[in-house]
Every structure is written in C-alpha cells, then in structure tokens.
1. Tell me, which residue of segment 1-39 that is β-branched (Val, Ile, Thr) and assigned to a helix (DSSP H, G or I) is farthest from Leu55 (Cα to Cα)?
2. Only residues in segment 8-36 that are farther than 24 Å from Thr312 by Cβ count as the first member; pair them with residues that are surrounded by 15 or more Cβ atoms within 10 Å (Cβ to Cβ) and among the polar types (S, T, N, Q), Cβ under 8 angstrom, at least 6 apart or cross-chain, and list the lot.
3. Go through segment 87-131 and report how many residues are part of a loop (DSSP other than H, G, I, E, B), under 19 Å from Met320 (Cα atoms) and either small (Gly, Ala, Ser) or in contact with a strand residue (DSSP E or B) (Cβ under 6 Å, 6 or more places away or on another chain) (or both).
4. Say we look at segment 240-278 and pick out the residues that are touching a residue at least 40 places away in the same chain (Cβ under 8 Å) and in contact with a Leu (Cβ under 6 Å, 6 or more places away or on another chain); which of these is farthest from ligand 3 (Cβ to nearest atom)?
5. So, in segment 237-262, how many residues would count as being more than 9 Å from ligand 2 (Cβ to nearest atom) and over 20 Å from Lys71 (Cβ atoms)?
6. What number of residues within segment 263-293 are of a type outside the set (Lys, Arg), within 12 Å of ligand 2 (Cβ to nearest atom) and crowded, with 17+ Cβ neighbours inside 10 Å?
7. Among Gly41, Gly64, Gly88, Gly112, which is the only one that is touching a His at 6+ places or on another chain (Cβ under 8 Å) and of a type in the set (Gly, Ala, Ser)?
8. What do you reckon, is Ile226 in contact with a helix residue (DSSP H, G or I) (Cβ under 9 Å, 6 or more places away or on another chain), within 20 Å of Pro160 (Cβ to Cβ) and part of a helix (DSSP H, G or I)?
Amino acid sequence: MRNKKLRLPAGVFITVVFLLFFVQWKVENPMLLAERFIKGGGWFEVFAVGLYGALVAWHMQDPGKVARWRKYTWFAFSIVFFSQLLLGLLLSDIFLMSGKLHLPVPMMILAGPIYRGHASVMTILFLSTVILSGPAWCSHLCYFGAIDNIAASGKTRRGPIRYKWALKWTVLLLLIAGAVVLRLMKVPVLSATLLAGGFGILGLGIILIISRREGRMVHCTSYCPIGTVVNLTQKVNPFRMYIDDSSCTSCMICTTSCKYDALNESDIKARRPGNTCTLCGDCVSTCHASSIKYRFLKLSPDQSRNLYLLITISLHAATMALARI
Ligand code: SF4
Ligand code: SF4
Ligand code: SF4
C-alpha cells in the first residue's frame, strides 16, 4: 500500500528533475536562480524543486487534501513570481528572466501578441500547457488566478453566476478589438501599457470585492479573457471530468464545492461539470458516492486522475522555478 502511494510522488520527482536537468545543462544563460548566485547551485535547485513536486504529489493524491494543498501551493507560486519581479525591479536584474518588462496581467498573453504583431514566450508557454494539461493553467499555473482563488476561500454561494457568458464574450471581443485598434493606430507602448494596467486594476477590484463576497472566482470565471480562451480551447486535451450516472443520487451537496461555477444543478443533471471547469479536483472528495471522476481516453478514473496529477504537479513545480519576467 505504502509502495503504491510512493508511485505518484516518485513520478513527479523524476519528471521535474528530467525537465529542469535539460534547462540547467543546455541553456547557456542560467535560468535557474540558484545558478546565478553560486556556480553549480542550479543542480541543487533541480533536486530541491523535484522534492517539492514530490511532496505536493504525496499530499494531493488524497482527494480530501486537494483543495487545501492546491490553494496554498498555487498561492506560493504567485508569491514566488511576484517577489522575483519586485526584487528584480528594486534590487537587481538577476531576479528577472529576460529583463524585458511587461505587465504581469494574464490578458497580455493574448493582447500583447496582437498589439506587437508577434508571439511572446509567455504565449507559447501558455499554449503548451493547454495542450499538455488542458485547463490546468487556470488551477495551478497562473500567477494571477491564485489571488482570486484565495479571495474566494469563503462560503460558496449557490446558483449560477448571472450573465457570466455574456460578460466573458464581451470582455474577450472588446480586448481583441482594442488590441487591433491600438496596433493599427500605432498607439505608443506607454499608453497601451497604461490601458492594460487599468484592465488589471479593475480585475483586482473584482477579486477583492466580488469574488470575496461570492466565495467564487468571479474574476477568473466571468472577467479574465484568458480564462475564456482556456474554456474554449481546453478540449484539445483529452482529460475530462464527469459525473457517474450510475452512482450519483442528485443530492446536490457538491454544488458548493466548486469555486469555478461549474457544478450548478443543471451541470449535475447533465452529468458533467460546466465549461468553466478547470479539472482542479476540489469537488472529488465532497461526493459521498465518489461519483465525480476523471477520464482520459480508455484509462480507469483512478489512472486518469493520477496521470492528470503527474502532469499538472510536474508543470507547477517546474514553472515555479522558471516563471519570471
Ligand atoms: S482566468 Fe485568468 S487570472 Fe484566472 S487563472 Fe485563468 S488566466 Fe489566470
Ligand atoms: S455530491 Fe455526488 S451524488 Fe450528490 S449530486 Fe454531487 S455528484 Fe451527485
Ligand atoms: S467541477 Fe470540480 S474539478 Fe471542475 S472546477 Fe469545479 S471543483 Fe474543480
């Protein structure tokens, strides 16, 4: 039994070490922070981040611990990201990746390339994670969404968030149109950056006031255009979540376990979470009948869940070491 419990942490450790090994070995300009301070320190960081991933996997393989561990490790990701940005700005550019500053607001992943006319590293990183792990960007990897998750920690309100899709489409289309207009009118970078900053501040306001009051991630599910892009593109990845019709009693207890507004009564009747589901797994342990399950092609629900955790936790740990501006 104990050996079985070691499989996932061991798999995450090996995956993280494998990924970071190549970064440390092949990339000339050191990407791992420890290497920038002490020659050879990057190897220690590879090992330490692998251990961190294994620890997270050890705890998150228990469905009952997922919500708590995901909340704190995701928030830690955000703290590491923003601390490095602050230290880079105030102390030394050793804490920055490229040194080319851009606003740390997720909508820049889409608006930035449209305005500039070419993709950024962040856009490529984002698309790769959608291919590898579907919507996990919005549950484990985004530096901004972690703040919404923490703000929405309180009691979750019942019932769907009103006008969610109307708002999502409006913001997404306005963002795309706005970026195209800024580009065509050759609006200077400073003005475009101020506009993007205003977008981010409005988002923070939604997090601090509405998400906190609702106990749900209103910013991520209704406002952030990257969340909408994730909702629309996540099906390129085969991971799914479903509700087992043969065991679900329609008791509706799980409706208050989802911060992403994806487990309303209509979703339970349809036997699958709504489109804003990020496969976070917070709801799995709340079902007394174990009816909420992962699916990946022909694998069993447990195998599918373990594979999902392996990919997602490995990406989380590796990007924690690499994601900085
Ligand atoms: S919805 Fe936006 S802010 Fe929220 S996690 Fe996704 S990309 Fe990040
Ligand atoms: S808690 Fe389980 S049994 Fe009850 S509605 Fe949700 S999925 Fe169905
Ligand atoms: S339905 Fe479950 S897995 Fe999907 S977002 Fe909601 S809590 Fe997470």
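1. Going residue by residue through segment 1-39, those that are β-branched (Val, Ile, Thr) are 12, 14-17, 23, 27, 38.
Those left that are additionally assigned to a helix (DSSP H, G or I): 12, 14-17, 23.
Details: Val12: 9, Ile14: 13, Thr15: 14, Val16: 12, Val17: 14, Val23: 22 Å.
Result: Val23.
2. Qualifying pairs under 8 Å: Pro30/Gln24; Glu35/Gln24.
3. Looking only at that region, the number is 3.
4. Filtering segment 240-278 for residues that are touching a residue at least 40 places away in the same chain (Cβ under 8 Å) and in contact with a Leu (Cβ under 6 Å, 6 or more places away or on another chain), the one farthest from ligand 3 (Cβ to nearest atom) comes out as Thr255.
5. Residues of segment 237-262 more than 9 Å from ligand 2 (Cβ to nearest atom): 237-242, 245-246, 256, 258-262.
Still in the list and also over 20 Å from Lys71 (Cβ atoms): 237-240, 242, 245-246.
The number of residues fulfilling the criteria is 7.
6. The total comes to 12.
7. Numbers: Gly41 fails: touching a His at 6+ places or on another chain (Cβ under 8 Å); Gly64 fails: touching a His at 6+ places or on another chain (Cβ under 8 Å); Gly88 fails: touching a His at 6+ places or on another chain (Cβ under 8 Å).
The conditions single out Gly112.
8. On the way: in contact with a helix residue (DSSP H, G or I) (Cβ under 9 Å, 6 or more places away or on another chain): yes; within 20 Å of Pro160 (Cβ to Cβ): no; part of a helix (DSSP H, G or I): yes.
Judged against the criteria, Ile226 is not a match.
The values are calculated or read from the model by the stated rules, or taken from the named source; none is laboratory data. Computed from a predicted structure; not experimentally measured. Virtual Cβ from ideal backbone geometry, glycine too; neighbours counted across all protein chains shown.
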